[in-house]
Structure formats: structure tokens, C-alpha cells
Amino acid sequence: MELIKKIDHALFWPLSLSVTGIFLLFSRNMTEAIVVIGVYISTLISFYALMYMTLGAMNDPQTKRAGKFSKSNFAFYALCHTLFLFGSIGLGVLFVKKRIIISVLNYVIQIFVLGIGLRKNLK
């Protein structure tokens, strides 16, 4: 299953990058900007893992025929999603301390942007 085709790229990328650009404007120095960009990249990776867990594992044709999904693949992507998300935020806290809220808010808004990008193609 190609998950990339589920996203409306004409809507997702401009909106996603503009939101991240707005949060980059709140950065006080280069370290904070690098943390925002690092958390953004990690967010994209964790979104792919999350999409695989919710869409790929449940809607895969083999899964529908067999009536069950691969628990090991599901666990692997769940672990990747968690490690990328908390790992990037943990490193961000290490470098920018209390200003990590900028990256966390960017992540929260990116969830809504992904929902908007997926909305049209999931119907």
C-alpha cells in the first residue's frame, strides 16, 4: 500500500512548510531554529509510521483476506513513531530547555495539517 498517495500533496506541503516557517520566526538563535527543523523532520517520519499503523496495517489487502494483521510490523512502527517523537523532543529539551514549546506546538499543529491533507483522499 502506498501511503504517500493518501496525502493531498498540493495542500499538505505548502501548509506544513508555512506553519513550520512561522514557528521558525519565533526562534531566537540558530540552535533553536535547528531544533525546530529537527523536530519537524522527526514529525514527518513519525507521521509516516503513524499512518502505516493506522492505515497500512488495518487496510492492507493481505490483512483483509487473512482477517489479522502483522503484530510485529505494527509493533515496529509503533516503536519507531514513539522513539522519533520523544527522541527529538528529548534532544530539543537538552539544547533549548524551556523554549521547546515552540517545537511541540509546531508538532501539534502539524497533526491538524496532516488531517487536512488526508481528509480528501480517505473518502
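The values are calculated or read from the model by the stated rules, or taken from the named source; none is laboratory data. Nothing here was measured: the structure is a model prediction, and the numbers come from that model. Methodologically, a virtual Cβ is constructed for each residue, glycine included, from the backbone with ideal geometry; neighbour enumeration extends over all protein chains shown.
Just for the stretch 1-30: of the residues that are in a helix (DSSP H, G or I) and at pLDDT below 90, which one is nearest to residue 94 (Cα to Cα)?
Let us first name the residues in the stretch 1-30 that are in a helix (DSSP H, G or I), namely 3-6, 9-25, 30.
With at pLDDT below 90 added as a condition, the list becomes 3-6, 9-12.
Numbers: 3: 33, 4: 32, 5: 36, 6: 35, 9: 33, 10: 35, 11: 33, 12: 30 Å.
Per the criteria, the residue is 12.
Collect the residues in the stretch 71-89 that are free of Cβ contacts under 8 Å to residues at least 40 places away in the same chain and surrounded by 11 or more Cβ atoms within 10 Å (Cβ to Cβ), keeping them in residue-number order.
Initially, the stretch 71-89 is screened for residues free of Cβ contacts under 8 Å to residues at least 40 places away in the same chain, giving 71-83, 86.
Across the stretch 71-89, the qualifying residues are 73, 74, 75, 76, 77, 78, 79, 80, 81, 82, 83, 86.
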Original post:
What's the number of the condition residue 33 fails, among (1) modelled with pLDDT of 90 or more; (2) under 20 Å from residue 116 (Cβ atoms)?
Top reply: (2)
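Output yes when any residue across the stretch 61-69 is assigned to a helix (DSSP H, G or I), modelled with pLDDT under 90, touching a Lys or Arg at 6+ places or on another chain (Cβ under 9 Å) and not hydroxyl-bearing (Ser, Thr, Tyr), and no when none is.
Within the stretch 61-69, not a single residue is assigned to a helix (DSSP H, G or I), modelled with pLDDT under 90, touching a Lys or Arg at 6+ places or on another chain (Cβ under 9 Å) and not hydroxyl-bearing (Ser, Thr, Tyr).
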Original post:
What pairs can you find where one residue is in the stretch 36-50 and of a type in the set (D, E, K, R), the other is at pLDDT 90 or above and in a helix (DSSP H, G or I), and their Cβ atoms are less than 9 Å apart, with a gap of 6+ or different chains?
Top reply: none
**OP:** Considering only residues that are surrounded by fewer than 15 Cβ atoms within 10 Å (Cβ to Cβ) and among the charged types (D, E, K, R), look in the stretch 90-106 and name the one that is farthest from residue 31 (Cα to Cα).
**Re:** 98
